[in-house]
Amino acid sequence: MRRSATVLGALAAAAALTVAVPASANAANGYLLIDGKRYVDPSGCYELPQDAEVENHTDQPADVYSDGNCEGRVMETIPAGGSSFTDWGYSLRIE
């Protein structure tokens with residue numbers, strides 16, 4: 001009986017870790033600088049100001065879109081460790 005409780009406890013702990021890890025795994029590691037504003041471990045869509053300077057200090061590429069809300073065409077991909085001065089993009093997505 002005691003062994004069953006130990007096994008069940010270990011399984012419950014493993015299940016809790018499995019649920020908790022994907023949330024943090026969805027974000028890029030590092031930070032984005034958008035016109036000097038820092039976003040740590042960014043994930044999702046960010047609106048870009050006109051003539052934005054973007055520095056991608058993450059481990060993931062960032063796509064710049066022609067429209068807001070990360071819609072329209074991908075105008076540029078800023079690689080991990082890269083930067084760009086983008087005057088044609090209105091939003092940026094990083095995962």
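Which residues, taken from region 82-94, are in a loop (DSSP other than H, G, I, E, B) and modelled with pLDDT of 95 or more? Let's see the steps before the verdict.
First, pick out the residues of region 82-94 that are in a loop (DSSP other than H, G, I, E, B): 82, 87-90.
If the condition is that a residue be in a loop (DSSP other than H, G, I, E, B) and modelled with pLDDT of 95 or more, then Gly82, Tyr90 are the ones that fit.
What about Ser84, is it surrounded by fewer than 18 Cβ atoms within 10 Å (Cβ to Cβ) and either of a type in the set (S, T, N, Q) or farther than 21 Å from Asn26 by Cα (or both)? Before you say what the answer is, go through the steps one by one.
Working: surrounded by fewer than 18 Cβ atoms within 10 Å (Cβ to Cβ): no; either of a type in the set (S, T, N, Q) or farther than 21 Å from Asn26 by Cα (or both): yes.
Here the answer is no, as Ser84 does not meet what is asked.
In region 49-81, which residue that is aliphatic (A, V, I, L, M) and not in a loop (DSSP other than H, G, I, E, B) is surrounded by the most Cβ atoms within 10 Å (Cβ to Cβ)? Lay out the reasoning, then the answer.
Just the residues of region 49-81 that are aliphatic (A, V, I, L, M), to begin with: 52, 54, 62, 64, 74-75, 78, 80.
The next check asks that each one be not in a loop (DSSP other than H, G, I, E, B); those that pass are 52, 54, 62, 64, 74-75, 78.
Details: Ala52: 19, Val54: 21, Ala62: 24, Val64: 22, Val74: 12, Met75: 17, Ile78: 22.
Here the answer is Ala62.
The values are calculated or read from the model by the stated rules, or taken from the named source; none is laboratory data. Everything numeric here is computed off the predicted structure, so don't read it as measured data. Quick reminder, even Gly has a Cβ in these numbers, built from the backbone with ideal geometry, and neighbours come from all protein chains shown.
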